[in-house]
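Asks: Have a look at this one before I ask anything.
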Amino acid sequence: SEAMSVVNRVTHLGLQSDVFRYVYLLRASIKTKDLVMGRACHSQMIVAGFIPRVFVGNLLMTMCLKCGLFRDARQVFDRMPQRDAVSWNMGLVACLRVGDIAGARTVFEEMPQRSEMAWDAMICEYLQQGELAMCLSLFQKMRACGGCVCSSSLSQKLFSRVVGISGSVGDVNLGKILHSHVLKLGFRLMLHLGNALVDMYAKCGEMDFAQKTFERLPEKDASSWNSILSGYLRNEGTDEVVALFASMNQSSQAPNQFTFALVLSACARLGMVGLGMQVHCSVVKTGFEFNPFCEGSLIDMYCKCNYINDARLLFDKITRPDTVSWTAMISGYVQVGGLQEALKLFLEMWKLGAEPDRVTFATIISACASQGMLDDAQRLFHQLSNPNVVVWNAMISGNAQNGHENEALRLFQEMRLSGVKPTRSTYGSILSVCAHLTDLVLGQQIHSEVIKLGLDKNVYVGSALITVYSRCSIVEDAHEVFVAVDNRNIVLWNAILGCYAQNSDPSKVVELFASLLSSSFQPDEVTYTSILNACACLSFTGLARQLHCNIIKDNRDQSLCVGNALIDMYGKLGNIEDARQQFDLMMLKDTITWNSMVAGYVQGNDVDEAIYLFCQMMWQGISPDEVSFACALSMLANLDALEAGKQMHASAIKSGFELNLYVGSALVDMYAKCASMEEAHNILAQMPESNVVSRNALIAGYVQNDQAMEAIDVFRQMQAAEVKATEFTFSSILVACDGLCGLNMGKQVHGYVIKTGFISEAFLGITLIGMYARCQTSEDACLLFRELNGQSTVSWTAIISGLIQNGLNKKALDFFLEMRSINVEPDHATFASILKACASLAALEDGKKLHSLIIRTGFAFNTHTSSALIDMYAKCGDIVSATAVFNTIDNHDIISWNAMITGFAKNGNAEYALNLFKEMHLESVKPDDITFLGVLTACCHSGLVSEGCQYFKLMVDEYELEPRADHYACMVDLLGRGGYLNEALEFLSMLPFEPDSVVLASLLGSCRVHGNELIGAHIAKKLMDVEPQSSYPYVLLSNLYASSGNWEEVRTMRKIMKEKQVNKFPGCSWIIIGDKTHSFVAGDKCHPESVEVYELLNSISAWIKEEDLVSNYESTVVEEC
């Protein structure tokens, strides 16, 4: 200051000061950082008119920069006529310090020779501005210009910065080039540069390179350890974090607060609360207990390990929690479902003046949205002036999860309009909306957008895209998305496995699972769920057991979802004991566990155990859900247990499920199957929302209860309400179209099936064939069959069965032969049908050939096929072969017992039939109505009147079976054949319905045999009223009159037949000689050997008459007139 005073006095006296005095003063001001003296000196030089030379200008700029006069430094630089390298560098710094990036860029471009410091300064400035691309561009130019050739510490810092930039942008190739350049220049991997390389590799996901670089560091500080630890944590290597932390503890390097924060985060992810507590002790010992980083990490660890009380105790000890600690504690409450406590803590945070950040808002908004509290989430959302992408994502995701898909889409559009760029999480939520809405067009638009942004190869977005295409049944596109993702994870694998599982391709699930095992990924709970379901669908019991072993080895057998999948799989495979064993071993059970076990018993027809388990579930305080009720109602429906179903209905009402769509549909189905159609109709009417499933259940119920018109009315109501019918709707309504009166409706439904595109559904084509067959239009059935694409065994069986149903047995045999000629393999249903044709034709030789084919194809032990064989042999009169087939069956079911009993009965072996019935009773097989029909037939054909009456009483009283018309007909025939005509007539009057032609014809035949004209005439009159165009009553009554010699009445009957134009169809019989069937019709002379046949017939007739072998020969002649 004294020197400056001297200079001022010299100047005041008008004396000239030389430049060196100013140089001296400038150096002094630089040394002492005397801003006042520096400014005064600068002003004196300006007044004195000094033009700053290079040396003096540099001093002036140094003084200005040291004293913070950056604009002054820039002015000095601009006034300098000449500049050296130092001048340019300081001019660049001056521009950068005043924030003049454009000016700095100009100075940098005009530099005659750019120094390493200049490159470093510019790169650093762009780095601070976040312009990473410009940083990398400058570095590339620097390398091209040879701007970094020395091994100075400045070069290492510069490399460290650029390596960090390559890590931030994820450019691992540039990082590797830089690493190579570092090695070529001979730089040692000193701490800063080495740590930067480790961090770069970790950020790029190249953990092998990061680990190798870390191991080669000549010395490691806390930052080195933190870089590798954060890398593993970022790349899902939580186990490696724990292992490295143990290695660090064995080294000489002490962890710092950042190390503890990283390790605690790993403990939180792994759920290792024990290790977390040990780390907590280390935090306290090292004095970091009250460090904000450690406080927040400890709270987060305890919360994520579900030690919420410990987390709260720790939180309450913090004097002034920072935002991180508040957010961690709030997130903890959200995680354990304590939303109200989280909201309370959030409000307390506001009251204490702690400022919530965007993460806090995102946490609480996301929690509110996920719990359906969308109004609260909306209010919090509007408090943010400029919400970031995390908050937007929380709102979009919350609305999507709560079924507000349109609101989620609106928020997505608003987010983009506000300038916030969507992230992969955003696209994941929007794609889930597309999947839920099955909106393929929007999904494809989003797919195009993510391709442009380069996110299509992201595993999170890829998984969401697969889900969209899966829900829209576009499996090929889903697979293309899967193939396009290079870095797959287990989530992506699960998505594609789930896609094929949902689209009914279990074989592909097994194939992909094998590929997964050959990769580096291990299956998780979701993977096992998909593959176990595929095993159930394919009946792969062996693979299922292998998978169960793997599950136990992987310690996933106590996983709730895997355990549930195992129970479900074993239940569907029929291994109910294994399912129950898994059920009993599970420590934790939820409603799904119980539902799966109950469903397994239902599928295994163990209804008693299913009911007991359902009751046990309720006794243990586990509330049944809609699936539980639906499963129980389905079980009771199959049992026809109406009263129990009503009790279950009451329970559903108490539980609030009576209006549930799923339960409501099950109730409709239960009441329908229990023949309470009025109740079923009322349930559907009460449901606030009914869908095609519930309406299908009602239609099926009406069809099952022979109320075809009501079923058709519901179908028409569906059309009026614009409810889209499914293939199951059409299938049920086609069953309702029966007989000629239903043909017109059936054809209309056929038209709807074609219009709606369901004609390609194989089972609908088969149902249509059945409809035309039932409507007695076999030609239409055959025509439709020929038009079907890909005729299967089932469709061939349907047309063969339809032809047999219409009496076209010969044509059915022709179709069977055609089926065999084109190598379509018959199944047990095909054989059962075609054997009926052989039985109807009495084609024993054809039946035997079929028997051989059945043995060759492995269906000989099928109960349905065996029963059909017994029936065929019995009807062809080969009771010995029928008995032989019956004896080959190991476990007789009711069908085989009935076939054999009926066979014996119809072949006159009443004793064998009744003994077989007793044997059946001894084996505890409960007889049904068909069994008793066979027994009564046996009694009828053998004249066992007393025994027949006892069996009829047994059927009604003990077995509580409702007799059908054919039972009553058999009893009338039994009494009539035994000569108890008055008793038969009395029995006839007691029938609960008007007797049909079968019953009346049976009694009329008995009257003819026993010559009772009085009762015969009475019954014949009734029979004529029932079937006026049938010749049967006229012929029988004529024969009755003829047998008693009342020829006048015979002629009257013949006259009445002619007047009423009643024609008698001639009798027909046939025999098989070799491979040829010979048919014989009364009065027919078309047979090539008819002359010889009639000559022999006349000879036999004459012999019978001469020997008086048939007393009523005349009546027989009249019958055949």
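Asks: Can we say V334 is in contact with a helix residue (DSSP H, G or I) (Cβ under 7 Å, 6 or more places away or on another chain), at pLDDT below 90 and not in a loop (DSSP other than H, G, I, E, B)?
Replies: Criteria met by V334.
Asks: Go through R424, R416, R358 for me and flag whichever is basic (K, R) and free of Cβ contacts under 8 Å to residues at least 12 places away in the same chain.
Replies: So the residue among R424, R416, R358 that is basic (K, R) and free of Cβ contacts under 8 Å to residues at least 12 places away in the same chain is R416.
Asks: Condition (residue is farther than 17 Å from F629 by Cα and in contact (Cβ under 8 Å) with a residue 24 or more places away in the chain) applied to the range 655-676: is it met by at least one residue?
Replies: Yes, the conditions are met somewhere in the range 655-676.
Asks: While we're here: Take the residues of the range 932-990 that are of a type in the set (K, R) and under 60 Å from the mean Cα position of the chain (by Cα): which is nearest to E911 (Cα to Cα)?
Replies: So, considering only residues that are of a type in the set (K, R) and under 60 Å from the mean Cα position of the chain (by Cα), the one nearest to E911 (Cα to Cα) is K953.
Asks: Sticking with this structure for a sec: What helices (runs of 4 or more DSSP H) completely inside the range 355-464 contain at least 2 residues that are out of contact with any Leu (no Cβ under 7 Å at 6 or more places or on another chain) and under 22 Å from A328 (Cβ atoms)?
Replies: Answer list for the range 355-464: 358-370, 374-383, 389-401.
Asks: Follow-up. What is the number of the single condition among (1) surrounded by fewer than 19 Cβ atoms within 10 Å (Cβ to Cβ); (2) touching a residue at least 12 places away in the same chain (Cβ under 8 Å); (3) of a type in the set (A, V, I, L, M); (4) assigned to a helix (DSSP H, G or I) that L347 does not meet?
Replies: Only one criterion is unmet by L347, namely (2).
Asks: If only one of V283, V263 is within 27 Å of N489 (Cβ to Cβ) and modelled with pLDDT of 85 or more, which one is it?
Replies: Residue meeting the stated conditions: V263.
Asks: Here is a follow-up. Of the residues that make up the range 667-687, is at least one buried (at least 22 other Cβ atoms within 10 Å of the Cβ), acidic (D, E) and touching a helix residue (DSSP H, G or I) at 6+ places or on another chain (Cβ under 7 Å)?
Replies: Looking through the range 667-687, at least one residue is buried (at least 22 other Cβ atoms within 10 Å of the Cβ), acidic (D, E) and touching a helix residue (DSSP H, G or I) at 6+ places or on another chain (Cβ under 7 Å).
Asks: Now for a different question. Among the candidates A910, A882, A843, A832, single out the residue that is buried (at least 21 other Cβ atoms within 10 Å of the Cβ) and under 21 Å from Y951 (Cβ atoms).
Replies: A910
Asks: Go over the candidates L743, L783, L764 one by one and state the one that is of a type in the set (A, V, I, L, M, F, W, C) and surrounded by fewer than 16 Cβ atoms within 10 Å (Cβ to Cβ).
Replies: L783
Asks: Based on what the data block shows, is R83 modelled with pLDDT of 70 or more, loosely packed, with under 13 Cβ neighbours inside 10 Å and under 21 Å from D100 (Cα atoms)?
Replies: Judged against the criteria, R83 is not a match.
Asks: Being in a helix (DSSP H, G or I), surrounded by 22 or more Cβ atoms within 10 Å (Cβ to Cβ) and in contact with an Asp or Glu (Cβ under 7 Å, 6 or more places away or on another chain) is the requirement here; does S628 meet it?
Replies: In short, no.
Asks: A further question on this structure: When you check V76 against the structure, is it surrounded by fewer than 21 Cβ atoms within 10 Å (Cβ to Cβ) and either in a helix (DSSP H, G or I) or modelled with pLDDT of 75 or more (or both), yes or no?
Replies: no
Quick grid of which residues meet (1) aliphatic (A, V, I, L, M); (2) surrounded by fewer than 17 Cβ atoms within 10 Å (Cβ to Cβ); (3) modelled with pLDDT of 90 or more; (4) not assigned by TED's automatic domain parsing to the domain that holds S530:
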position: L409; (1), (2), (3), (4): yes, no, yes, yes
position: L417; (1), (2), (3), (4): yes, yes, no, yes
position: H447; (1), (2), (3), (4): no, no, yes, yes
position: L455; (1), (2), (3), (4): yes, no, no, yes
position: V468; (1), (2), (3), (4): yes, no, yes, yes
position: E480; (1), (2), (3), (4): no, yes, yes, yes
position: N487; (1), (2), (3), (4): no, yes, no, yes
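Asks: Consider V627 carefully, then state whether it is over 21 Å from S530 (Cβ atoms), among the β-branched types (V, I, T) and either outside the structural domain of C537 (by TED's automatic domain parsing) or modelled with pLDDT of 80 or more (or both).
Replies: no
Asks: Starting from residues that are among the aliphatic types (A, V, I, L, M) and without any contact (Cβ under 8 Å) to a residue 12 or more places away in the chain, keep the ones in the range 1003-1048 and report whichever is surrounded by the fewest Cβ atoms within 10 Å (Cβ to Cβ).
Replies: The selected residue is L1014.
Asks: Do we have E295 as part of a loop (DSSP other than H, G, I, E, B) and touching a helix residue (DSSP H, G or I) at 6+ places or on another chain (Cβ under 9 Å) here?
Replies: No; evaluated as a whole, the condition is false for this residue.
Asks: Next up: Counting only residues that are surrounded by fewer than 22 Cβ atoms within 10 Å (Cβ to Cβ), at pLDDT below 90 and among the aromatic types (F, W, Y), give me the helices (runs of 4 or more DSSP H) lying completely in the range 935-1002 with at least 1 of them.
Replies: Details: elements: 945-957, 965-977, 981-989.
Ranges flagged: 981-989.
Asks: Hey, can you tell me all the residues within the range 816-874 that are closer than 22 Å to Q805 by Cβ, in contact with a His (Cβ under 9 Å, 6 or more places away or on another chain) and aliphatic (A, V, I, L, M)?
Replies: Scanning the range 816-874 gives A829, A832, L835, I854, A868, L869, M872.
Asks: Right, here's the next one. Those residues that are surrounded by fewer than 18 Cβ atoms within 10 Å (Cβ to Cβ) and over 12 Å from A266 (Cα atoms), I need them from the range 224-251; list them, please.
Replies: Result: A246, S247, N249, Q250, S251.
Asks: Name the pairs: first residue in the range 626-649 and on the phi < 0 side of the Ramachandran plot, second residue not in a helix (DSSP H, G or I) and not aliphatic (A, V, I, L, M), Cβ to Cβ under 7 Å, at least 6 apart or on different chains?
Replies: Final answer for the pair search is E626/F657; E626/N660; F629/F657; A637/C674; L642/C674; L642/S676; G645/C674.
The values are calculated or read from the model by the stated rules, or taken from the named source; none is laboratory data. From a predicted model like this one, the values you see are computed outputs, not experimental measurements. Please note: Cβ atoms are built from the backbone with ideal geometry, for glycine as well, and neighbour counts cover all protein chains shown.
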